[in-house]
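J.: Okay, here's the structure, questions in a sec.
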Amino acid sequence: MYTAPSILSLDYTKFAEQVAELNECADWLHFDVMDGHFVPNLTFGPDILKAFCRTSPLFKDVHLMVSDPAFFTPVFAKAGAEGITFHYEAVEEAKQSELIEAIHELGCKAGISIKPGTEPEVLEAVLDKVDLVLVMSVEPGFGGQSFIPSSYDKIRKLAKRRKEKGYSYLIEVDGGVSDQNAAELLKCGCDVLVAGSYVFKGNIKERVASLRQE
Ligand code: DX5
Ligand code: ZN
């Protein structure tokens, strides 16, 4: 399993110190990019990602909560993204395979994400193409929300489908993740745990270690 702290909740007055701590204990860095249109919040652009690329070797996992992911994929790929995940709800189905291909051509892993109100079955046409499926376990837009329990079943369904069809996508979960639900999430078949407020509201190393449940 991979831990992916969300830098949405990092204390930017302690940037260098917290990144150094993350480098010692986490696997990925999760970048919650928000455009103030797809979600009612605005976060950061490619220059912040570049700052993390200069200070961390961890896998750069970019989560695009934007209305025009086709525009932003080259922008973040150039800034150092290694994985780029767009939202199913932001791209018409007929254009999703093309965007996945474009992300691959930029040398990045391609992910697709579904909001809490979207069922995993809608992803059927792209499951053989993506490297990652991101299940949002809160309404996208803000850290610190409560985990939505119906997310467990979505993960089970995606893990079952992956096994049935021999697909290879990773399953990632994002929103309200903590030591209270990490074990159950991993049991359901999740591979990557994103956590923002849980990690940064305590001792980073201890909190990240508590997600591993190893
Ligand atoms: C929501 C964000 C958050 C963030 C994690 O749009 O994607 O889910 O990554 O936030 P916490 O772990 O604080 O719920
Ligand atoms: Zn996210």
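J.: Over the alpha-carbon set of region 73-143, work out the extent along each principal axis and list the three values in angstrom, largest first.
T.: That gives 31, 30, 18 Å along the principal axes, largest extent first.
J.: So, one more: Under 5 Å between amide hydrogens, which residues at least 5 positions from residue 171 or on another chain qualify, with H placed 1.01 Å from N in the peptide plane?
T.: 133, 191, 192
J.: Can you tell which of 38, 91, 113 lies farthest toward the positive end of the dipole of region 1-136, using +1 and -1 charges on the Cβ of basic and acidic side chains (Lys, Arg; Asp, Glu)?
T.: The Cα lying farthest towards the positive end belongs to 38.
J.: Binning every alpha carbon pair distance of region 1-126 at 5 Å from zero, what are the percents per bin?
T.: 2, 11, 21, 23, 19, 14, 7, 3, 0
J.: For region 142-214, list log₁₀ I(q)/I(0) at each q in 0.22, 0.26, 0.28 Å⁻¹, using the Debye formula over Cα point scatterers of equal strength and ignoring solvent, two decimals each.
T.: -0.94, -1.18, -1.30
J.: Could you work out the local net charge near residue 118, counting Lys and Arg as +1, Asp and Glu as -1, over the other residues with Cβ closer than 10 Å to its Cβ?
T.: Here the count lands on -1.
J.: Antiparallel DSSP bridges in region 9-96: what percent, to the nearest 5?
T.: 10 percent
J.: Only bridges with both residues in the chain count here: give the DSSP antiparallel percent, nearest 5.
T.: Numbers: 1 of 33 bridges.
Beta bridges within the chain, antiparallel portion: roughly 5 percent.
J.: Cross-link candidates for residue 60: which lysines have Cα within less than 26 Å, leaving aside residues fewer than 8 places away along the same chain?
T.: Straight-distance partners of residue 60: 14, 50, 78, 95, 109, 115, 129, 154, 187, 201, 205.
J.: For residue 145, what residues show an amide H to amide H distance below 5 Å, using hydrogens built from the backbone and excluding near sequence neighbours?
T.: 176
J.: Evaluate the charge dipole of region 1-136 about its Cα centre and quote only its size in Debye, nearest 20, assuming +1 on the Cβ of each Lys and Arg and -1 on the Cβ of each Asp and Glu.
T.: Rounded to the nearest 20 debye, it is 460 debye.
J.: Right, next: For region 27-99, what is Rg from Cα atoms divided by 2.2 N^0.38 Å, rounded to two decimals?
T.: Here the Cα radius of gyration is 1.08 times the empirical estimate.
J.: Taking Cα pairs under 8 Å and at least six residues apart, what relative contact order does region 41-86 come out at, in percent? Mind showing how you got there, number by number?
T.: On the way: 42 pairs, mean separation 22.5, N = 46.
Taking the mean separation of contacting Cα pairs over the length of region 41-86, I get 49 percent.
J.: Provide the convex hull volume over Cα atoms per residue for the chain, in Å³.
T.: 109 Å³
Quick note: the coordinates plus some simple rules give every number you see, no bench work behind them. Values in this document were obtained by computation on a predicted structure and should not be read as measured data. Cβ: placed from backbone, ideal geometry, glycine included. Neighbour counts: every protein chain shown.
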